[in-house]
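Have a look at the structure below, then the notes.
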Amino acid sequence: MGKCPFIESLAFIVLAGILFPVTLSGEGAPISEDSEMCIECHASLHPGIVEDWGKSPHAQTTPAQGIAKTALERLISAEKVAPTMADNAVGCAECHTMNPSQHKDSFEHNGYQVHTVVTPADCSQCHPVEASQYEGNMMSHAYGNLQGNSLYRSLVDSVNGIQTFQDAKIIHNLSDADTDADSCLYCHGTNIQVKGNRKIETDAGEMTFPVLSGWPNQGVGRINPDGSMGSCSACHTRHGFDLSVARKPDTCSECHKGPDVPAYGVYNVSKHGNLYSSQAGKWDFSAVPWIVGKDFTAPTCASCHASLLVNKEGDVISQRTHRMNDRLYVRLFGLIYAHSHPRSPDTSVIRNSAGLPLPAELTGEPATGYLIDDLEQEKRRSEMQNVCLSCHSRGWVDGHFERLEHSVKTTNEMTLTATKILISAWEKGAAKGPAQNDVIFNEAIEKKWVEQWLFYANSTRFASAMAGADYGAFANGRWHMAKNIQEMIDWMKIHSNSDR
Amino acid sequence: MGKCPFIESLAFIVLAGILFPVTLSGEGAPISEDSEMCIECHASLHPGIVEDWGKSPHAQTTPAQGIAKTALERLISAEKVAPTMADNAVGCAECHTMNPSQHKDSFEHNGYQVHTVVTPADCSQCHPVEASQYEGNMMSHAYGNLQGNSLYRSLVDSVNGIQTFQDAKIIHNLSDADTDADSCLYCHGTNIQVKGNRKIETDAGEMTFPVLSGWPNQGVGRINPDGSMGSCSACHTRHGFDLSVARKPDTCSECHKGPDVPAYGVYNVSKHGNLYSSQAGKWDFSAVPWIVGKDFTAPTCASCHASLLVNKEGDVISQRTHRMNDRLYVRLFGLIYAHSHPRSPDTSVIRNSAGLPLPAELTGEPATGYLIDDLEQEKRRSEMQNVCLSCHSRGWVDGHFERLEHSVKTTNEMTLTATKILISAWEKGAAKGPAQNDVIFNEAIEKKWVEQWLFYANSTRFASAMAGADYGAFANGRWHMAKNIQEMIDWMKIHSNSDR
Amino acid sequence: MGKCPFIESLAFIVLAGILFPVTLSGEGAPISEDSEMCIECHASLHPGIVEDWGKSPHAQTTPAQGIAKTALERLISAEKVAPTMADNAVGCAECHTMNPSQHKDSFEHNGYQVHTVVTPADCSQCHPVEASQYEGNMMSHAYGNLQGNSLYRSLVDSVNGIQTFQDAKIIHNLSDADTDADSCLYCHGTNIQVKGNRKIETDAGEMTFPVLSGWPNQGVGRINPDGSMGSCSACHTRHGFDLSVARKPDTCSECHKGPDVPAYGVYNVSKHGNLYSSQAGKWDFSAVPWIVGKDFTAPTCASCHASLLVNKEGDVISQRTHRMNDRLYVRLFGLIYAHSHPRSPDTSVIRNSAGLPLPAELTGEPATGYLIDDLEQEKRRSEMQNVCLSCHSRGWVDGHFERLEHSVKTTNEMTLTATKILISAWEKGAAKGPAQNDVIFNEAIEKKWVEQWLFYANSTRFASAMAGADYGAFANGRWHMAKNIQEMIDWMKIHSNSDR
């Protein structure tokens, strides 16, 4: 084979790759002494974590190597990191002992000040651009936007609170922290606080660990013991931090799948979702930058909402962003009416003209002062359409967005009809409403009203926005909006007649 | 390595395949001058389309090469194509400038008569057998079967139309074209018409494009500007036309997933669906012909309903068909009662003895004159059972079909019960029905009645037909049929009593 | 290439594996003469079965080779098998002619005593440990636990039985065997009995076959013609018996997906499910033993509930078990209240203090005499936590289980509220209950009560147990529990007022 040594060595490389995939951290970047210390015990205590990390880019590449890459290829956004970090793998100690003085959850552990909860502030050491963008992302405020909005807080109580039956009446109890953490706050994020310490008997003798409230949690708006907000691991799953996971729709689906946020279900039934399900095995989810058409032939959530996209020549189609609303001009879900996006990621400050913490009146008129203007809307829509245009013609894209606008309008109208029935029910005394100072989410007709917008109008708009139209017909969309109106009017009539 | 040059060259081929996958059209079939012209601009305007096409069989194989294959291996069914087409890749110009005089959407574009909407008539140049079969497929009439059936048209209005609340009453409005296109017609197909022209400022100066109503759309019964019906790209996704996509269940699921057509959900929970989900990574979805047991070990939708299947010796188990009902003897979904299949793919001509456009009376007796006879049923059942028998014994298959027959019978009975309650509600004046000339789909009890057959009876039958039995128990099947009857009878009693 | 003959031969092996995957049984273990006889005809009659088997470990490995493996690598648990079986593939004849005298479904077939239904007793020849464990698994009693429990049998009738409408009243009919087989018993298992014989005209002339009731079926608690209970092929799918299939969640999902047992849906929306969906293509589902972190980075159903798990050093983290409840300390689903697990897999023997065949009173107090005690609970919880700890810290795991305990408590409370409303409805005569000797599952409010525990409380607990919290919020969890209470109280009021 002297004739073609290239093939021979090539064969060796390829075969070596097939037979000896690099899975051991020892074959990756050098590990700091501190992290070696951690691994010594934890590799046998929690083999899954250590193995997973061993396959991660953090174990394979040093920050210095990351910084040396070209602008399009870089995943690290810091121009410089601390000299002690630059030439080692990003290991246990690098993250779990960073900024100990900021971390109220820091504790003494075998001579180190260790903290359990790694935060966006920790990650920002190497990823400052992403951390800063994320601060402007509504997700980072997901805790306060729920818990700090009195109306939404009463919705949470009406969902999670225990109802008891006494003297032929239902008593509504408030919710509790454990239930909230296992329900709404799983996604919105908990408020993690140090409650005290506890001693645990381990193989290495008795050890003391902090007791954390709201732990475990990886919610996108988690309040961290260092004061930062969010959890990068919500999408960038520990400890492999595998880019391909963050780029796949299953990650987003952890929180965007239920009837209140049916993005995943809609995607799944769309042509895009079909191609993903059918072809993803042939696509490259690890390529940086991500080349449209070459690396993938249909978008995932990340492609449209977050990723840096380029064409084969390296021309940028869309810049990477961790402020997801950069490409979103209309807010489709989570509120009674769809409307343009809020200006600030902190939505708890919003008040409508009736003084309610809502970006629109109960009858639909938007609280424009708190919302982005037409110009900003146009900018964001264009940003999104750039992505669409990489695979679709102008006529296709315009037709698509016209239908979305129309769905926003018609679903708002159907919500308004439901709202008018509810208001009428309140007026007739069939249900107890704001005039009686009663929670507006706790009676059957009120819950039907919530489903009208939170489930059905929502789903219908998502189905239009993401071209998963079938979902907006019978699955959880127009059929249910239409039926719900009929059931609400029946309820109102019956309960107005009856002597309740 | 002079000892074994075979291995050496083999290694080269395999390694080349691993390292340099053929993704560039330049490495495929020769591209016509006309298509080269298109690509020159569109490769940068819409890189995703061009890249996707570059991986397609259309870019890799010329029609002449396709025709030269053996009968079982061929995907092109024409015996001969135009000489200008025979030896080039099937590129942009080949499809988008075909038969310009037939295409009302043709427009002048840089010296070419281009049309946006490629149709089954265009595809039939190379695929005449498939196009002709598809004309006999009920799917090709999906637009007219919905829009041309007055009863079904009123169902569409009751789902998609806006309901408004005025003077304590609900007003039902008719639906509109945009909403229909984003709902029912996404799957059924829109009626695409040229509405006018518009000028768009492009990098190459101002250009004029036609404005199309109902665009974009890829529905199976789309009415095309050249008068043909259907869209091949509903299943054979542009522009990769990847056979493996059409053979995977995700393609069918775009339209067969909702509660009205739960085929995908049922498949997913079946043993077949389990094997697909667990093992598809090891199967060959591109092999032509498709060898049972070797290329796949459990069927997908395509295996049972469309694909050419052979055994390892090349004996044909089932012929390829694009008339899906060839293997379907009973119609399980979409109508009030399950019954034998209609004779004609155009079902809008059907009338029952009461003059309604339905293949059965409201009380279930089939309008036999419009339906296939026992002999044809037997033929189609055998055709399907041939597929089953390639992996199951006669006793297994017979047992399976007995249960399906039984489910057809019992679900029809449960629908009849629901219908009798509804008729009784009409008679008692609890709801307004045909006697009052009222739409029979717009009140709450009528919507419950629709769910009885369109969702629950349907789902139960699918669960039997495709052995996804769990779906027919609690998911959306028997439990819901039983509960719905109770809720209908309650509704009737309450609304008969109350002074509405 | 004389310099490195190792690489050369390695290349040959790897390339051969790529180009000529071993799919023919001829290349596997030797096939017995008896099985050769079977294959001679059946390879062409049912090519799918024979091909699938050809890829199976049964075709690739002889029992003797299996026995020779190390303890951790073995899949065969017998120390010795019959000499006639030891050195051949486990083929058609080996299983389908085993223990003919025990099999009431044995029939003469070309000189052999063949039986259709292969049973756990047949499999126990080579897999005695697994068969014996499975006998202690509640699943093996799934038939009797349903059919032999008078209360549950009436639930089955209320789901599957036809309701007819006569004289303005609903008549509830009992269910029938065919419907049950296509509904509840698909998973629970049918009772397979020989009903007679039938003659079938075949290519080889007329042949006689037994006619089996309840066939086909692969339910986990199937009553077999040899008296054994269960079906190994429920999870170990015929005829490939591919370990990777049994280890993937899709297998479990065949029966654990509906709203009554939403394990799959909850898993899917969890971080574990996300990682499975995103990364499973890179994991090794065939490795024995299964190494945490190396072979997979997130658990499937099998990892937590059944599989033998080790770390890279080969230390056992969890022993393989086919008695799934070995790692389950609390019973989350299928009953009105969650409580500690029953002692015996046969739950039809249980009676509460009111004499009902339930492990708790209608008002929730557990029938402790029939349930495992605290010590056994603690043992099982530890067993499960060992699995958790391989990837999570003690604090994480403790926090997780605290929330599960809390969800068990709160969901039981919400069920109790629903029960109290129902009892009140019975007392007021709004519904007919036990005092009227009426089935407690057939009226609308009773069905709402069933949904409270069978769907919503259930789903909420699963969501806590498997960290798929989003599912327990709006999908089918707390939102629906809260709404259902309101609808039950409304129903009771209206039906107490009305003159029904």
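The values are calculated or read from the model by the stated rules, or taken from the named source; none is laboratory data. Note that the structure is predicted; figures quoted are calculated from it, not measured. All Cβ positions, even for glycine, are placed from backbone atoms using ideal geometry, and neighbour counts span all protein chains on display.
Each residue in segment C:117-126 was checked for being touching a residue at least 60 places away in the same chain (Cβ under 8 Å) and either surrounded by fewer than 21 Cβ atoms within 10 Å (Cβ to Cβ) or of a type in the set (A, V, I, L, M) (or both), and 3 of them qualify. Being more than 24 Å from residue B:91 (Cβ to Cβ), in the same structural domain as residue B:319 (by TED's automatic domain parsing) and either under 20 Å from the mean Cα position of the chain (by Cα) or among the small types (Gly, Ala, Ser) (or both) narrows it down to one of B:281, B:205, so name that one. Result of the check over B:281, B:205: B:281.
Here's the yes/no breakdown for (1) of a type in the set (S, T, N, Q); (2) out of contact with any Cys (no Cβ under 8 Å at 6 or more places or on another chain); (3) farther than 27 Å from residue A:322 by Cβ:
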| residue | (1), (2), (3) |
| --- | --- |
| A:140 | yes, yes, no |
| A:173 | yes, yes, yes |
| A:183 | yes, yes, no |
| A:188 | no, yes, no |
| A:202 | yes, yes, yes |
| A:227 | no, yes, no |
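Scanning segment A:383-408 for residues that are part of a helix (DSSP H, G or I) and closer than 17 Å to residue B:52 by Cα, we see that the one that is nearest to the other protein chains (Cβ to nearest Cβ) is A:389. Restrict the check to segment A:400-421 and report whether at least one residue is of a type in the set (Gly, Ala, Ser) and farther than 19 Å from residue A:149 by Cα. Scanning segment A:400-421 turns up at least one residue that is of a type in the set (Gly, Ala, Ser) and farther than 19 Å from residue A:149 by Cα. Evaluated against (1) outside any helix (DSSP H, G or I); (2) without any contact (Cβ under 8 Å) to a residue 40 or more places away in the chain, residue A:43 falls short on exactly one condition, (1). Could we say that residue A:349 is at pLDDT 95 or above and in contact with a His (Cβ under 9 Å, 6 or more places away or on another chain) here? Answer is no for this residue. Annotation note: of C:491, C:453, C:449, the sole residue that is surrounded by 20 or more Cβ atoms within 10 Å (Cβ to Cβ), more than 9 Å from chain A (Cβ to nearest Cβ) and more than 31 Å from the chain's Cα centre (by Cα) is C:491. Of everything listed in (1) modelled with pLDDT under 95; (2) crowded, with 24+ Cβ neighbours inside 10 Å; (3) over 26 Å from residue A:173 (Cα atoms), the single unmet condition for residue C:470 is (3).
Filter segment A:144-161 for residues that are in contact (Cβ under 8 Å) with a residue 60 or more places away in the chain and not in a helix (DSSP H, G or I); which is surrounded by the fewest Cβ atoms within 10 Å (Cβ to Cβ)? My answer is A:148. Only one entry of C:87, C:52 meets the criterion of being surrounded by fewer than 17 Cβ atoms within 10 Å (Cβ to Cβ), more than 19 Å from residue C:130 (Cα to Cα), in contact with a Ser or Thr (Cβ under 7 Å, 6 or more places away or on another chain) and of a type outside the set (A, V, I, L, M, F, W, C), and that entry is C:87. Suppose the filter is within 20 Å of the chain's Cα centre (by Cα) and free of Cβ contacts under 8 Å to residues at least 12 places away in the same chain; does residue C:305 pass it? Considered against the rule, which asks whether it is within 20 Å of the chain's Cα centre (by Cα) and free of Cβ contacts under 8 Å to residues at least 12 places away in the same chain, residue C:305 comes out as no.
Based on this model, can you work out whether residue C:443 counts as more than 7 Å from chain A (Cβ to nearest Cβ) and more than 28 Å from the chain's Cα centre (by Cα)?
Details: more than 7 Å from chain A (Cβ to nearest Cβ): yes; more than 28 Å from the chain's Cα centre (by Cα): yes.
So residue C:443 fits the description; yes.
So that you can scan it fast, the table gives a plain yes or no per residue for (1) at pLDDT 95 or above; (2) assigned to a helix (DSSP H, G or I); (3) farther than 25 Å from residue B:179 by Cβ; (4) out of contact with any Gly (no Cβ under 8 Å at 6 or more places or on another chain):
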| position | (1), (2), (3), (4) |
| --- | --- |
| B:212 | yes, no, no, no |
| B:227 | yes, no, yes, yes |
| B:246 | yes, yes, yes, yes |
| B:266 | yes, yes, yes, no |
| B:275 | yes, yes, yes, yes |
| B:284 | yes, no, yes, yes |
| B:287 | yes, no, yes, yes |
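Is it the case that segment B:106-116 has a residue that's hydrophobic (A, V, I, L, M, F, W, C), crowded, with 20+ Cβ neighbours inside 10 Å and either assigned to a loop (DSSP other than H, G, I, E, B) or free of Cβ contacts under 8 Å to residues at least 60 places away in the same chain (or both)?
Here is the first cut: in segment B:106-116, the residues hydrophobic (A, V, I, L, M, F, W, C) are B:107, B:114.
Cutting the leftovers down to crowded, with 20+ Cβ neighbours inside 10 Å gives us B:114.
After this cut, where a residue has to be either assigned to a loop (DSSP other than H, G, I, E, B) or free of Cβ contacts under 8 Å to residues at least 60 places away in the same chain (or both) as well, the list is B:114.
Yes: segment B:106-116 contains one or more residues that are hydrophobic (A, V, I, L, M, F, W, C), crowded, with 20+ Cβ neighbours inside 10 Å and either assigned to a loop (DSSP other than H, G, I, E, B) or free of Cβ contacts under 8 Å to residues at least 60 places away in the same chain (or both).
Please work out if residue B:294 is farther than 21 Å from residue B:136 by Cα, at the interface with chain C (Cβ under 9 Å from one of its Cβ atoms), surrounded by fewer than 21 Cβ atoms within 10 Å (Cβ to Cβ) and of a type outside the set (Ser, Thr, Tyr). Lay out the reasoning, then the answer.
On the way: farther than 21 Å from residue B:136 by Cα: yes; at the interface with chain C (Cβ under 9 Å from one of its Cβ atoms): yes; surrounded by fewer than 21 Cβ atoms within 10 Å (Cβ to Cβ): no; of a type outside the set (Ser, Thr, Tyr): yes.
Here the answer is no, as residue B:294 does not meet what is asked.
Collect the residues in segment A:317-334 that are of a type in the set (S, T, N, Q) and in a strand (DSSP E or B), keeping them in residue-number order. Matches in segment A:317-334: A:318 only.
Taking segment C:118-133 as the range and being β-branched (Val, Ile, Thr) and part of a helix (DSSP H, G or I) as the test, only C:129 passes. Under the condition of being within 22 Å of residue A:136 (Cβ to Cβ) and more than 22 Å from the chain's Cα centre (by Cα), the residues counted in segment A:208-232 number 0.
Among residues that are surrounded by fewer than 16 Cβ atoms within 10 Å (Cβ to Cβ) and either basic (Lys, Arg) or at pLDDT below 95 (or both), residue B:69 is included.
Only a single item in (1) in a helix (DSSP H, G or I); (2) at pLDDT below 95 is not met by residue A:500, and it is number (1). For segment C:250-264, the set of residues classified as closer than 23 Å to residue C:448 by Cβ and within 9 Å of chain B (Cβ to nearest Cβ) consists of C:257, C:258, C:259, C:260, C:261, listed by residue number.
I'm trying to understand the selection: among the residues of segment B:162-171, which are at the interface with chain A (Cβ under 8 Å from one of its Cβ atoms), surrounded by fewer than 21 Cβ atoms within 10 Å (Cβ to Cβ) and touching a strand residue (DSSP E or B) at 6+ places or on another chain (Cβ under 6 Å)?
The first filter runs over segment B:162-171 and keeps only residues at the interface with chain A (Cβ under 8 Å from one of its Cβ atoms), leaving B:162-165, B:168, B:170.
Now drop any that are not surrounded by fewer than 21 Cβ atoms within 10 Å (Cβ to Cβ), which leaves B:164-165, B:168, B:170.
Hits for segment B:162-171 are B:164, B:170.
Just wondering, is there one or more residues in segment C:471-479 that are part of a loop (DSSP other than H, G, I, E, B) and either assigned by TED's automatic domain parsing to the domain that holds residue C:363 or not acidic (Asp, Glu) (or both)? Yes, that holds for at least one residue. From the list C:287, C:246, C:280, the one residue that fits, being closer than 30 Å to residue A:258 by Cβ, surrounded by fewer than 24 Cβ atoms within 10 Å (Cβ to Cβ) and within 14 Å of chain A (Cβ to nearest Cβ), is C:280.
For segment A:210-228, the criterion of being of a type in the set (D, E, K, R), within 11 Å of another protein chain (Cβ to nearest Cβ) and surrounded by fewer than 24 Cβ atoms within 10 Å (Cβ to Cβ) is satisfied by no residue at all. When the residues of segment B:179-209 are filtered to those that are among the acidic types (Asp, Glu) and closer than 23 Å to residue A:461 by Cα, the one that is nearest to the other protein chains (Cβ to nearest Cβ) is B:182.
For residue B:103, the requirement of being touching a residue at least 12 places away in the same chain (Cβ under 8 Å) and under 29 Å from residue B:437 (Cα atoms) is not met.
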